[in-house]
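Q: Okay, here's the structure, questions in a sec.
The values are calculated or read from the model by the stated rules, or taken from the named source; none is laboratory data. All values derive from a computational prediction rather than experimental measurement. Cβ coordinates were reconstructed from backbone atoms using ideal geometry, including for glycine residues, and neighbour counts include every protein chain displayed.
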Amino acid sequence: MNSNETGGMVQARLLPVGDTAWTVEFGSVIDPALHARVLGLTEALEKARKDALFSAIVDVVPTFRSLTVHFDPLRCDGQRLGEALLNLAQTSGAKQAEGRQWCLPVCFDDEFAPDLAELAQIKGMTREAVIERLTAAEFRVYMIGFMPGFPYMGGLPAELQMPRLASPRKAVPERSLAVAGEMCAVYPWESPGGWRLLGRTPVPMFSAADPVPALLASGDRVHWRGIDRDTYLELEAAAKAGTLDRSSLLLPEGGRS
């Protein structure tokens with residue numbers, strides 16, 4: 001079934017994932033309205049798990065625009081489950097995730113931003129103009145994935161959008177602010193990666209010592225605040241010492257003060 005507009009609402013598609021999972025897809029773009037449909041179905045499914053048919057579900061995996069549902073094929077009729085999922089998707093509506101608002105520091109010095117100058121040159125912009133666009137934008141966390149604490153964020157201004165690097169790096173430094181396509185993200189740890197690196201934050205994205213290890217969650221909003229290298233080093237030292245107060249990075253209700 002192809003997605004189309006039905007009464008102002010996008011009709012979902014049901015896609016098989018082997019013989020033990022279904023994906024319910026609401027569209028093909030990164031969009032807050034589609035993400036709200038994903039969250040609406042996720043919530044409705046949690047409530048429906050008590051029903052015999054839905055009790056065979058073993059895991060759900062939400063993304064920007066779809067929800068994949070894994071199930072035990074020995075406990076249910078997979079085809080019936082798929083049809084029920086599609087029906088639920090059409091009636092579950094949308095849910096807005098009211099997340100927290102963050103103002104996170106990031107240093108744009110050359111050693112932390114190896115791709116910033118090239119992106120500016122390709123876009124015909126000054127380095128300062130790129131930084132201005134980044135720090136003026138509001139980013140929305142759609143999901144955490146790839147590795148624990150890795151936030152996939154939408155909201156990258158169109159004039160800054162670039163494809164991934166042709167040759168990925170073998171090692172991206174931890175806490176690097178990166179962009180690719182329409183997305184912005186931060187690498188929690190050093191890892192291979194092909195996103196373009198535009199800065200680095202001193203704030204850990206994941207800390208096993210905290211009750212909630214991942215700093216960001218789906219629905220959160222993020223603003224970036226440029227800092228100099230000395231401030232970066234001070235905050236990095238505080239984070240390593242365990243004295244950096246996460247709550248100090250939260251914006252008051254209503255956004256930037």
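Q: Restricting to the stretch 228-247, give me the number of residues that are in contact (Cβ under 8 Å) with a residue 40 or more places away in the chain and of a type in the set (S, T, N, Q).
A: Going through the stretch 228-247 one residue at a time, the tally reaches 1.
Q: At pLDDT 90 or above, assigned to a loop (DSSP other than H, G, I, E, B) and not aromatic (Phe, Trp, Tyr): which single residue out of Leu216, Leu233 fits that description?
A: Testing whether each residue is at pLDDT 90 or above, assigned to a loop (DSSP other than H, G, I, E, B) and not aromatic (Phe, Trp, Tyr) leaves just Leu216.
Q: Whether any residue in the stretch 42-58 is hydrophobic (A, V, I, L, M, F, W, C), farther than 17 Å from Gln90 by Cβ, touching a His at 6+ places or on another chain (Cβ under 9 Å) and not assigned by TED's automatic domain parsing to the domain that holds Gly181 is what I want to check. Show your work before the answer.
A: First, the residues of the stretch 42-58 that are hydrophobic (A, V, I, L, M, F, W, C): 44-45, 48, 52-54, 56-58.
After this cut, where a residue has to be farther than 17 Å from Gln90 by Cβ as well, the list is 52, 56-58.
Right, trim to touching a His at 6+ places or on another chain (Cβ under 9 Å) and you get 57-58.
Of the ones still in play, those that are also not assigned by TED's automatic domain parsing to the domain that holds Gly181 are 57-58.
Within the stretch 42-58, one or more residues are hydrophobic (A, V, I, L, M, F, W, C), farther than 17 Å from Gln90 by Cβ, touching a His at 6+ places or on another chain (Cβ under 9 Å) and not assigned by TED's automatic domain parsing to the domain that holds Gly181.
Q: May I ask you to list the residues in the stretch 188-203 that are touching a residue at least 40 places away in the same chain (Cβ under 8 Å) and either of a type in the set (A, V, I, L, M, F, W, C) or crowded, with 19+ Cβ neighbours inside 10 Å (or both)?
A: Result: Pro188, Trp189, Arg196, Leu197, Leu198, Gly199, Arg200, Thr201, Pro202, Val203.
Q: Another question about this same structure. Out of the residues in the stretch 57-78 that are more than 28 Å from the chain's Cα centre (by Cα) and of a type in the set (A, V, I, L, M, F, W, C), state the one that is nearest to Ser28 (Cα to Cα).
A: Cys76
Q: For the stretch 113-130, how many residues are in contact (Cβ under 8 Å) with a residue 60 or more places away in the chain and either over 14 Å from Arg196 (Cβ atoms) or in contact with a Cys (Cβ under 9 Å, 6 or more places away or on another chain) (or both)?
A: Selection size over the stretch 113-130: 1.
Q: Just to be sure I understand the filter: pairs with C-beta atoms under 7 Å, separated by 6 or more residues or on different chains, first member in the stretch 206-227 and closer than 15 Å to Leu249 by Cβ, second member modelled with pLDDT of 95 or more and surrounded by fewer than 15 Cβ atoms within 10 Å (Cβ to Cβ). Which pairs pass?
A: Arg221/Glu138; His223/Glu138
Table: residues versus (1) surrounded by fewer than 18 Cβ atoms within 10 Å (Cβ to Cβ); (2) of a type outside the set (A, V, I, L, M); (3) farther than 20 Å from Tyr152 by Cβ.
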| site | (1), (2), (3) |
| --- | --- |
| Arg13 | no, yes, yes |
| Glu25 | no, yes, no |
| Val29 | yes, no, no |
| Leu45 | no, no, yes |
| Phe64 | no, yes, no |
| Leu67 | no, no, no |
| Gln79 | yes, yes, yes |
| Glu83 | yes, yes, yes |
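Q: Continuing with this model, one more query. Does the stretch 105-142 hold any residues that are buried (at least 19 other Cβ atoms within 10 Å of the Cβ) and within 16 Å of the chain's Cα centre (by Cα), and which are they?
A: Of everything in the stretch 105-142, those that are buried (at least 19 other Cβ atoms within 10 Å of the Cβ) and within 16 Å of the chain's Cα centre (by Cα) turn out to be Phe139, Arg140, Val141, Tyr142.
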